[in-house]
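Right, one structure below, let's go through it.
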Amino acid sequence: MPVLTCPIREGARSHPEAEALTFAGRSWSYGALDAEVSRWVAALQAQGVGAGERVASLATNHVASVCLFWALGRLGAVLAPLNARLTAAELAPMVEDLQPRLTLALGALVERLPGARPLEAFADAVTSPASTCLPLDASSPRVVLFTSGTTGRPKGAVLTEGNFRASSRASAANLGAPPSPRWLGTLPLFHVGGLAMLTRTAYAGGCLVLHERFDAEAANRAIDAEAVSHASLVATTLERVLDARGDRPMPSSFALALIGGGPVPVPLLARARAAGLRALQTYGLTEACSQVTTERPDDADGRTAGVPLPGVEVRIVGAGGEVLGPGREGDVEVRGPTVMAGYWQRPEASREAMRDGWLRTRDVGVLDARGRLTVLSRRTDLIVRGGENLYPAEIEAVFVNHPAVREAAVVGFPDGRWGEVPVAFLAPRPGRERPGDAALEAWCRQSLAGFKTPARFVWVEALPRNAMGKVERTVLRRHPLH
């Protein structure tokens with residue numbers, strides 16, 4: 001098994017002057033970041049943090065989070081980055097599960113994490129950096145990331161050094177990434193997507209252009225002035241970047257953006273292409289260390305989530321575990337070196353999630369003859385109307401292509417005749433007149449069979465979302481329909 005070492009230390013030896021990180025108007029070379037991480041190693045050692053122990057952190061994006069991640073790796077310790085949008089009550093069971101050696105939080109968030117030390121000042125008193133940099137192997141745990149917990153108590157996915165390195169290699173092989181990518185870091189570092197950007201830039205000797213939060217104007221300034229080559233966005237943030245950009249052309253330094261979080265409206269992708277912004281749809285999940293499938297740059301039409309990344313396998317299985325062929329709908333399963341080691345302290349949940357090396361995603365999808373994946377629904381979101389399976393994502397994709405609809409969610413409601421019927425919740429696009437039910441039904445029937453057309457259309461100002469930004473369908477199911 002190969003011995004792996006900290007890529008920041010490796011970069012400090014081979015290209016010390018190369019830029020590794022920018023944040024809040026400051027810049028760190030690999031040499032400077034290595035020295036800063038060494039101070040954090042000393043600070044952690046002073047608190048008794050050693051190999052295999054957990055450190056919980058609560059923070060928005062900050063340079064301190066970057067230093068903490070790499071310093072814990074040098075000690076063989078494990079980071080548990082907690083969602084900065086959660087309440088103290090939501091965080092408490094996670095900390096209880098972790099039993100961390102140390103808890104850290106940004107000053108503004110300390111009160112939500114009892115006993116936490118201020119993160120941004122944690123290493124300030126250290127004057128003598130520590131040279132400790134333990135070797136790692138592929139199976140070494142690096143992070144515990146808690147899932148959003150929409151179906152019960154959150155579970156902590158354990159991701160390893162090997163998971164992150166395999167994900168980075170596979171993504172670069174698919175994208176044809178430049179030798180030293182500059183990745184715009186607007187996704188939170190408590191999310192697998194944010195950690196994927198952090199690690200893939202370091203492994204490739206690139207630079208993470210870290211922002212505290214997403215801001216469309218700031219993102220465009222970074223694209224124009226900081227030679228950003230890549231970005232990871234969702235449909236709503238892609239639209240906001242384009243709105244803020246106006247008619248300014250994309251610079252030649254910008255290669256592409258990965259778009260996750262669900263289907264992207266076809267008109268939005270066409271608009272991005274017309275503006276010179278190449279956007280690739282992608283499908284991933286925490287338990288598979290971010291990306292699973294992604295469109296190929298030379299074969300992207302925005303109609304699917306693309307093919308599996310190199311080295312990753314995806315299959316569709318039926319209710320009895322039988323493998324289904326192209327065009328047949330079933331459960332999405334994933335296998336490969338990016339799949340998690342399991343759930344922290346949850347052996348039964350780990351066994352349920354893994355079968356013969358395959359990760360059971362609980363998503364419903366279909367592969368086409370070219371191996372491209374279309375994700376139809378979360379299994380828990382499936383609507384059964386008179387014996388017919390309806391997939392919310394398929395119906396929602398029709399609505400988000402409507403010029404008056406900004407976002408849409410379709411959920412099932414009990415019905416005496418059909419068992420369940422789909423109800424569409426629609427958020428309006430500003431400045432557009434809301435169409436009536438008859439017009440919406442006609443719009444649906446252009447693209448959908450009659451039984452897939454929602455029984456009701458409900459306008460809301462915005463869709464309810466949880467701390468991870470996912471639509472809270474349980475909240476919508478309690479929404480009055482009258």
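Where a number appears in this text, it was derived from the coordinates with a stated rule and is not lab data. What you are looking at is a predicted structure, and each value in this text was computed from that prediction instead of being measured. FYI the Cβ positions are ideal-geometry reconstructions off the backbone, even for glycines, and counts take in every protein chain you see.
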Final fewest-first order of Ser253, Ser167, Ser38, Ser29 on the 10 Å Cβ neighbour count is Ser253, Ser29, Ser38, Ser167
The ³J(HN,Hα) series, computed from each phi in region 436-452 with the Karplus coefficients 6.51, -1.76 and 1.60 at θ = phi - 60°, rounded to the nearest Hz and given as x for glycine or proline, is x, 4, 5, 5, 5, 5, 5, 4, 4, 6, 5, 10, 10, 5, x, 6, 8
Its Cα gyration tensor gives region 1-123 an equivalent ellipsoid whose semi-axes in whole Å, largest first, are 26, 17, 11
Taking only the Cα positions of region 7-373, the convex hull volume per residue in Å³ is 134 Å³
Sorted by chain and number, the residues with a modelled amide H under 5 Å from that of Ala157, at a separation of 5 or more or across chains, are Leu145, Phe146, Thr147, Trp344
Semi-axes of region 364-418 from the Cα gyration tensor (sqrt of 5 times each eigenvalue, largest first, whole Å) come to 21, 18, 9
Taking GluC sites (Glu not before Pro) in a DSSP loop with at most 13 other Cβ atoms within 10 angstrom as exposed, one finds the longest site-free stretch of the chain at 18-321
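Determine the shape class of region 115-192: with a ≥ b ≥ c the square roots of the Cα gyration tensor eigenvalues, call it rounded for a/c under 1.5, and otherwise prolate if a/b is greater than b/c, oblate otherwise. Kindly include the intermediate steps, with their values, before the conclusion.
Values: a/c = 1.60, a/b = 1.13, b/c = 1.42.
Oblate, since a/c reaches 1.5 and b/c is not below a/b.
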Scoring the chain by relative contact order with C-alpha pairs under 8 Å, at least six apart, yields a percentage of 10 percent
Percent relative contact order for region 338-482, counting Cα pairs under 8 Å at least six residues apart, stands at 16 percent
When His191, His479 are ranked with the fewest other C-beta atoms within 10 Å first, the list becomes His479, His191
Relative contact order of region 47-159 (C-alpha contacts under 8 Å, at least 6 apart) in percent is 30 percent
Taking placed amide H atoms and a strict 5 Å upper bound, the residues 5 or more places from Gly330 or on another chain that come that close are Gly365
Inter-part gap, Cα centre of region 440-480 to Cα centre of region 268-320, in whole angstrom, is 24 Å
Charge tally for neighbours of Arg328 with beta carbon under 13 Å away, counting Lys, Arg as +1 and Asp, Glu as -1, is -3
For Trp28, the net charge from surrounding residues (Cβ-Cβ under 10 Å; K, R +1; D, E -1) works out to -2
Where a ≥ b ≥ c are root eigenvalues of the Cα gyration tensor, a/c under 1.5 meaning rounded, otherwise prolate if a/b exceeds b/c and oblate otherwise, region 403-482 counts as oblate
Proxy exposure order for Ser139, Ser252, Ser171, Ser180 (fewest C-beta within 10 Å first) is Ser252, Ser139, Ser180, Ser171
Using alpha carbon centers only, region 145-224 is separated from region 60-103 by a whole-angstrom value of 16 Å
For region 1-130, whose charge dipole is built from +1 on Lys and Arg Cβ atoms and -1 on Asp and Glu Cβ atoms, the candidate among Leu113, Leu44, Ala59 with its Cα farthest towards the positive end is Leu44
Rounded to the nearest whole number, the per residue volume of the convex hull around the C-alpha atoms of region 271-332 in Å³ is 117 Å³
Karplus ³J(HN,Hα) for region 168-179 (6.51 cos²θ - 1.76 cosθ + 1.60, θ = phi - 60°; Hz, whole; x = Gly/Pro) runs 4, 4, 5, 5, 5, 5, 6, 7, x, 4, x, x
Surrounding charge for Trp70, neighbours by C-beta under 15 angstrom, Lys/Arg +1, Asp/Glu -1, total +3
Karplus-derived 3J(HN,Hα) from phi for region 381-395 (6.51 cos²θ - 1.76 cosθ + 1.60, θ = phi - 60°), whole Hz, x at Gly and Pro, runs 9, 4, 10, 10, 10, x, x, 9, 7, 10, 10, x, 4, 5, 6
Amide H contacts under 5 Å for Gly302, restricted to residues at least 5 apart in sequence or on another chain and with H modeled in the peptide plane, are Gln281
As a percent rounded to 5, the proportion of antiparallel DSSP bridges among beta bridges in the chain is 60 percent
